[in-house]
1. With θ set to phi - 60° and the Karplus curve 6.51 cos²θ - 1.76 cosθ + 1.60, what are the ³J(HN,Hα) couplings of the range 17-23 in order, to the nearest whole Hz, using x for Gly and Pro?
2. In straight Cα distance, which lysines are under 17 Å from residue 69, not counting same-chain residues fewer than 8 positions off?
3. Non-local amide H neighbours of residue 42 (under 5 Å, H modeled in plane, Pro and chain starts lacking H): which ones?
4. Eigenvalues of the Cα gyration tensor times 5, then square-rooted: what semi-axes does that give for the chain, in whole angstrom, largest first?
5. Given the options 26, 65, 40, identify the residue whose Cα lies farthest towards the positive end of the charge dipole of the chain (+1 on Cβ of Lys, Arg; -1 on Cβ of Asp, Glu).
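Since every read-out is calculated from the coordinates, none of them should be taken as a lab result. Here the structure is a predicted model, which means the values were calculated and not measured. Glycine gets a Cβ as well: all are built from the backbone with ideal geometry, and neighbour counts include every protein chain shown.
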Amino acid sequence: MSSDDLIPLEGKVVDVYPGGKFLVETQPEAEGESMTVQAHLSGKLRRYRIKVVLGDRVTVEVSPYDLKKGRITYRHK
């Protein structure tokens, strides 16, 4: 699977778990409903020590095979 196959979603961090895991509630799309995704930080966010805290708006990349797990790739300002 290439990086083109990932589905980017925007959401808000609603819970922080130990071990670098986050629970992200995605924004509802056109006539869709919001869903929760368990996500971890991408390597670049970890490498440059970008802090993600409760309430931050983030972009999550989700695999089309499992829509409940993902990777946080961007923290919005």
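1. Karplus values, whole Hz, x for Gly and Pro: 9, x, x, x, 9, 9, 9.
2. Once the sequence-local lysines are set aside, what remains near residue 69 is 12, 21.
3. Sorted by chain and number, the residues that satisfy this are 72.
4. Numbers: eigenvalues 68, 47, 25 Å².
Its equivalent ellipsoid spans semi-axes of 18, 15, 11 Å.
5. Working it through, the farthest residue towards the positive pole turns out to be 40.
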